[in-house]
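The values are calculated or read from the model by the stated rules, or taken from the named source; none is laboratory data. Note that the coordinates shown come from a computational prediction; the quantities given were computed from them, not determined experimentally. With ideal geometry, Cβ positions are generated from the backbone for all residues, glycine too; neighbour counts draw on all protein chains shown. Protein only, heavy atoms only, side chains kept; ligands, DNA and RNA dropped before computing areas. Shrake-Rupley method; radii C 1.70, N 1.55, O 1.52, S 1.80 Å.
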Amino acid sequence: MVASNRVIVVGAGPVGLCLALALAQRDVLVNLIETLSDDNFLDQVPRAGSNHPATLELFDQIGLYDKLEPRGIVAPKFHYWDRQDGMLIAEFDHALLKDDTRFPFVLQCERIKIIEEALGMAKAHPLIDVRMATTLTSFQQAAKRVTARATNATGETEVLDGAYIVSCEGARSIVRKDSGIEFEGFTYPERTLNIEVAYDFRKHGYTERNYISDPVEYSNLFHWKGPPDRWRIHFPTDPNEDEAALTRPAAMQARLKRFLPLDRDFEICGCNLYAVHQRVAQKFRVGRAILAGDSAHVNSPIGGMGLNSGVHDAFNLADKLARILHGEASEDELDRYERQRRHVAVQHTQAQTIRNKRLLAERDPAVRRRNHDELRRTAETPELARKFLLRTSLIDSLREAEQIA
Ligand SMILES: Cc1cc2nc3c(=O)[nH]c(=O)nc-3n(C[C@H](O)[C@H](O)[C@H](O)COP(=O)(O)OP(=O)(O)OC[C@H]3O[C@@H](n4cnc5c(N)ncnc54)[C@H](O)[C@@H]3O)c2cc1C
C-alpha cells in the first residue's frame, strides 16, 4: 500500500485510538499523532467511563474489550433517586437487553484505562505509526491528498502526507477551527464539581451508577474500580463562586455531608471542576478533512454518551474510509458518514443529555412528580423498560443511523 493511502489521525484519545485500530484491522496505514508524551499521557484529569453495550461490541471487534473488562466493573443496573425524600425512584436492569446485545450491561472503565490499553495495542500494530509528543499545527488539502504540519518533541516541524486527515483532537480541534466550521450550541453557566471519595455508597442502597434528582442540587454518583475503589460524585455549582472556594476541603466535606450525613469526614481522593457544553459542528467534513468524537460534538456527561458516541463515529468512519481506500466505495460515503453521525449527535446525544439534565434539575414539584411517576411506570413495565434501555444504551441510535441513506 502506498503512503498516499495513509490516514492521518490527530489525537490519541479514545476516538482516535479506536479509529486507528479499526482502520489498521482493515489494512489501512495510519499515522497517529498525539500532543502528549509517553511521560505525561496518563496524567490526564479523570473523565468518562460508563461504556454502554453498543460500545462494548465495538471494543470487542478490535480486541479491546478483553483488556478492559478486568480493569472495570460490570454494572448491569442503574438507578434514579429522589434526593429530596431519599427514595429510589426506579431501577433499570440491562438484563432486559439480553436478546439485543452480547453485552447486557455497562462496563464502568475510565477513559484513562481505555486509552492506556488502546495505545499499547496501537503501538504494537505494524500498520500504525504512533508519534507521541507531536502536535498538529496546520494542514492543507489538494485534490487527492492532505498535508499536515506538526511540531515534534524536539520542536522541529514535521510534514505528514496522507489521503485523509481525521480530527480526533477533542473539543478544541484545530482542524475544525481552520476549516471554518461553526461549533453550534451553548455552554451551561454553572460548572460541575467532581469529587472522588473512597467510601462504599452501596451500604445505603445505591448501585454502581446513580442519577439523583433534586431541585436544589441534583447529582450523579458512580463506582470505579481501584485499588482502592473510588466513587465519583458530580454536583452543579454556583457560577459566581470561584474554583478555590468550591474545592476547599471543608467546603467539599460540607457538600458531601449534606448529600449523605456521616459522623466523620469522607476520604476525598481528588476533585476537578469542569464546564459543560452542548455543541455540534455544523459540518463533520470539509473535503479530505473529517471530524470525529469531541471535535465534532460535545455534550453534558449526564448519561455517559460523549465517549460512547465518539467511538461509534470512529467505527462508522473506519469502515467507510477503508472501503474508499480499497476502491470498493466512492467518496460519497463520507457524506453519508456526516448524515448518519450528525443526525445521531443532534437527535440522540444532544437531545437525550439535555433531557437528562432537565429531568434531574427540575424544580416544579408537579412536574417532578409527573416525571418520577413516568420513570417508575417505565421501569416496572418490561416492554417500556426495554425500549428505554435501547435508547440509553445507544443501540437505538446505531440502528437508526443504519437506516439513513
Ligand atoms: C467529567 C466527565 C465525565 C464524562 N463521562 C463520560 C461517560 O461516562 N461516558 C461518555 O461516553 N463520555 C463521558 N464524558 C465525555 C468524554 O470524556 C469525551 O466525550 C471523550 O473523551 C472524547 O474523546 P475524544 O477522543 O474525541 O477526545 P479526547 O478524549 O479529548 O482526546 C483528544 C486527544 O487529542 C489530543 N490532541 C488535542 N489536540 C491535539 C493536536 N493539535 N495535535 C495532536 N494531538 C492533539 C489530546 O491530547 C487528547 O489525547 C465525560 C466527560 C467529562 C468531562
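Numbers at a glance
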{"read-out": "Filter result (touching a Ser or Thr at 6+ places or on another chain (Cβ under 9 Å) and either on the phi > 0 side of the Ramachandran plot or among the polar types (S, T, N, Q) (or both)) within region 337-349", "value": "Gln347, Thr349"}
{"read-out": "Residues satisfying the stated conditions in region 117-127, i.e. buried (at least 17 other Cβ atoms within 10 Å of the Cβ) and under 19 Å from Leu42 (Cβ atoms)", "value": "Glu117, Ala118, Leu119, Met121, Ala122"}
{"read-out": "Qualifying residue in region 304-312 (condition: more than 16 Å from the ligand (Cβ to nearest atom) and either under 27 Å from the mean Cα position of the chain (by Cα) or not aromatic (Phe, Trp, Tyr) (or both))", "value": "no"}
{"read-out": "Residues satisfying the stated conditions in region 144-163, i.e. within 10 Å of the ligand (Cβ to nearest atom) and open to solvent by less than 40 Å² (accessible area, probe 1.4 Å)", "value": "Ala148, Ala150"}
{"read-out": "Region 194-208, residues that are within 24 Å of Thr247 (Cβ to Cβ) and under 21 Å from the mean Cα position of the chain (by Cα)", "value": "Asn194, Ile195, Glu196"}
{"read-out": "Meets criteria (in contact with a strand residue (DSSP E or B) (Cβ under 8 Å, 6 or more places away or on another chain), within 12 Å of the ligand (Cβ to nearest atom) and of a type outside the set (S, T, N, Q)) for Leu127", "value": "no"}
{"read-out": "Listing of strands (runs of 3 or more DSSP E) fully contained in region 164-205 that carry 3 or more residues being buried (at least 19 other Cβ atoms within 10 Å of the Cβ) and within 15 Å of the ligand (Cβ to nearest atom)", "value": "164-167, 192-197"}
{"read-out": "Residue satisfying condition, being free of Cβ contacts under 8 Å to residues at least 24 places away in the same chain and open to solvent by 10 Å² or more (accessible area, probe 1.4 Å), within set Ile395, Ile324", "value": "Ile324"}
{"read-out": "Top-ranked residue in region 276-303 [being more than 12 Å from the ligand (Cβ to nearest atom) and in a loop (DSSP other than H, G, I, E, B); ranked as surrounded by the most Cβ atoms within 10 Å (Cβ to Cβ)]", "value": "Phe284"}
{"read-out": "Val74 vs. criteria β-branched (Val, Ile, Thr), modelled with pLDDT under 95 and open to solvent by 30 Å² or more (accessible area, probe 1.4 Å)", "value": "no"}
{"read-out": "Of all residues in region 206-229 being free of Cβ contacts under 8 Å to residues at least 40 places away in the same chain and among the aliphatic types (A, V, I, L, M), the one that is surrounded by the fewest Cβ atoms within 10 Å (Cβ to Cβ)", "value": "Val216"}
{"read-out": "Residue in region 366-378 that is in contact (Cβ under 8 Å) with a residue 60 or more places away in the chain and of a type in the set (A, V, I, L, M, F, W, C) present", "value": "yes"}
{"read-out": "Among (1) part of a helix (DSSP H, G or I); (2) open to solvent by 40 Å² or more (accessible area, probe 1.4 Å); (3) out of contact with any Ser or Thr (no Cβ under 7 Å at 6 or more places or on another chain), the one test that Asn316 misses", "value": "(2)"}
{"read-out": "Any hit, region 83-105, residues being in contact (Cβ under 8 Å) with a residue 40 or more places away in the chain, within 14 Å of the ligand (Cβ to nearest atom) and within 20 Å of the chain's Cα centre (by Cα)", "value": "no"}
{"read-out": "Matching entry among Arg47, Arg71 (being among the basic types (Lys, Arg) and more than 14 Å from the ligand (Cβ to nearest atom))", "value": "Arg71"}
{"read-out": "Candidates Leu256, Leu262, Leu273 - the one that is more than 16 Å from the ligand (Cβ to nearest atom) and not in a helix (DSSP H, G or I)", "value": "Leu262"}
{"read-out": "Region 69-89, residues that are under 15 Å from Glu362 (Cβ atoms) and touching a Leu at 6+ places or on another chain (Cβ under 7 Å)", "value": "Tyr80, Trp81, Ile89"}
{"read-out": "Selection within region 1-42 - near the ligand (Cβ under 8 Å from one of its atoms) and on the phi > 0 side of the Ramachandran plot", "value": "Gly11"}
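This table checks each residue for (1) over 20 Å from Thr55 (Cα atoms); (2) out of contact with any Gly (no Cβ under 6 Å at 6 or more places or on another chain).
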| site | (1), (2) |
| --- | --- |
| Arg258 | yes, yes |
| Leu273 | yes, yes |
| Arg279 | yes, no |
| Arg285 | yes, yes |
| Asp294 | no, no |
| Asn316 | no, yes |
| Ile324 | yes, yes |
| Gly327 | yes, yes |
